[in-house]
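Have a look at the structure below before the remarks.
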Amino acid sequence: MASTLPDPQPGTRRADDAPPASERAGRIEAHGIDHIPDAERHGKARELFSVWAAANVNYLSLVVGGALILMGLTVWQAIAVLAVGNLFWTLTGFLAVSGPSAGAPSEVITRAMYGVLGNRVNNAVVGWLISVCYFALNLSAAAVAAFSLVEKAGITTTTGVKVVVIVVIAALTLTISVYGHAMIMKLYLPITLVLAAVFAVVAVSVVGHADFSYVPEEPLTGVDLWATVLAGVTLVASGPLSYTTSADFSRYLPRTTSKKAVLGWTALGAFVPSMIVCSLGVLAATVVDMTDPQAALEKILPGWFTPVFLLALVLGTIAINALTAYSAGLALQAVGIRIRRSVSVLADGTASVALTLYALLVSNFLDTVSNVLQLTVVLLGPSMAIYATDILLCRNRYDGPALTDETPGSRFWYTGGVNWSGALALAAGVTASALCVNTLYTGPVAAALGGVDLALPVGMIVAAALYALLMRRTRGGPATEIPA
């Protein structure tokens, strides 16, 4: 049985009398990592667009865009890097198709890849730890904007004030996550519209001031250029790669929902706003110093608009972090801890607040963002590659109820609770990626190539190829398909 406890729901109706999602938005979601019965499935794939759009109009995207110029790229080189890096949202969309098929979140579906017990380790690291780190990074970004807003109100941002601001933003974020899926689906369309209106004004100001012919004083060439381009692609791709949990938000859709629609609306909802907001960061960096993006942008925005802009930055970050906290809560359940989803979300928030306080009060924020985002792809790239490969191998035919069985008799117990095909493939992919990385440390392959970082493509290719090879030898193929 699933290691989760349902949240109490007084007067909960039977599945065949379940209210529509809009009527449940004000109630705490009862489901955790348990299977969603067909009778409780609802919605359209197009609703995923606003979920992912709202999550990608945020401060961190401005930071990433500005960072590309600070790394030494020209405007058009940076835009090209953004296009390539954001194409990885297609993989996020592809993973989302497994949600309607299994009626289960990604944290459970990956039992097919790593086994019941092996997947607990996977969720502890790839699911929970990485999610908490991203929550902290995004919370840090929102807090920086909120600090400025507080100062404009005439309040000195002492350490105590900063702590209060961080806790308030985290509380607002976690409220959405605790209420869960229906609340997210209901709120994110209006959030998307509000953020789109605000950033339209930002776009007018930025484009009006931007230097489209900008070239750094010492343009990069040769190996240095390629090393920077690949590092930039890795930095941008770290966003979509962090969402190996995209099935969490599509699992309530009917089983018959078009796979192309799920993939398309997820990928498009994330790609378009991410591309636009990151590009604004690039263009802004041609005329202002984006080492402090929020303060820099204030110099080219209308004075009356600055408070609105700062509030939008906070709102956008709350939107993305609500998704992150939601998935982190599911990951904590999937580790094997019998805890209600709502309680697990609060536990995640507590850990993230602690990391945020460190990032803002002890460490250098911009360096922390760049290093963490680039380093996480060493793990996230191979993990996403294995997930995508499994979907292809089993033709996306997942048996949701069977995936919730955690007993030694489960089809996904494999050998001692571990699918060694997935475990070895992930280990090999991560090792190969680590040998090629050039961020907090330089791997031997990267050093031999003059600093060129091939961690992302190498790690993904090695993991996917080895997993496909090993699974072909495991009982003649993947053990994920629904029995005919």
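The values are calculated or read from the model by the stated rules, or taken from the named source; none is laboratory data. Just so you know, these numbers come straight off a predicted model, no measurement behind them. In this analysis, Cβ positions are derived from the backbone assuming ideal geometry, glycine residues included, and neighbour counts consider all displayed protein chains. Each accessible area value is taken on the protein alone, full model and side chains, heavy atoms only, with ligands, DNA and RNA left out. Shrake-Rupley method; radii C 1.70, N 1.55, O 1.52, S 1.80 Å.
Data for the structure
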read-out: Relative contact order of the chain, defined on C-alpha pairs under 8 angstrom at six or more residues apart (%); value: 31 percent
read-out: Point-to-point label distance, L424-D224, nm (Cα→Cβ direction, 7 Å offset); value: 4.5 nm
read-out: R255-L392 pseudo-label distance in nm [points 7 Å out on the Cα-to-Cβ vector]; value: 2.6 nm
read-out: K186, K260, reordered so the largest accessible area comes first (probe 1.4 Å); value: K260, K186
read-out: Built amide H within the under 5 Å cut-off of R340, gap 5+; value: L5
read-out: Environment charge of T74, counting only residues whose C-beta is closer than 13 Å and scoring Lys/Arg +1, Asp/Glu -1; value: -3
read-out: Nearest-0.05 FRET efficiency for A83 and V287, computed from C-beta distance (R0 22 Å); value: 0.50
read-out: Listed residues T266, P254, V198: farthest to the positive end of the dipole of the range 192-289 (Cβ charges); value: P254
read-out: Shape of the range 217-327, Cα gyration tensor, a/c cut at 1.5; value: oblate
read-out: Mean Kyte hydropathy of -0.5 or more with a Cα span along the axis of at least 20 Å, helices from DSSP in the chain; value: 130-152, 159-179, 181-209, 222-241, 259-284, 306-334, 341-361, 365-393, 420-436, 455-472
read-out: Kirkwood-Stokes translational diffusion coefficient of the range 23-118, alpha-carbon pairs, 37 °C, 0.692 mPa s, µm²/s; value: 195 µm²/s
read-out: R0 of 25 Å, Cβ-Cβ distance R338-E40: FRET efficiency to nearest 0.05; value: 0.65
read-out: The chain shape via C-alpha gyration tensor axes, a/c threshold 1.5; value: oblate
read-out: Two-decimal log10 I(q)/I(0) for the range 79-123, as the Debye equation yields it once each C-alpha is a single scatterer, q = 0.21, 0.25, 0.32 Å⁻¹; value: -0.73, -0.84, -1.03
read-out: Label-reachable residues, the range 56-94, where backbone N falls under 18 Å from a point 7 Å from E217's Cα toward its Cβ; value: 69-75
read-out: Contour excess over end-to-end distance, with Cα ends at H209 and Y441 and 0.36 nm allotted per residue; value: 79.8 nm
read-out: Computed accessible area, K44, all protein chains, 1.4 angstrom probe, square angstrom; value: 120 Å²
read-out: Helix-only [θ]222 nm of the chain, DSSP H runs n ≥ 4, -39500 (n - 2.57) each, per residue, nearest 500; value: -21000 deg cm²/dmol
read-out: Point-to-point label distance, A448-L469, nm (Cα→Cβ direction, 7 Å offset); value: 1.8 nm
read-out: Difference of contour (0.36 nm per residue) and Cα-Cα distance, V308 to A200; value: 37.6 nm
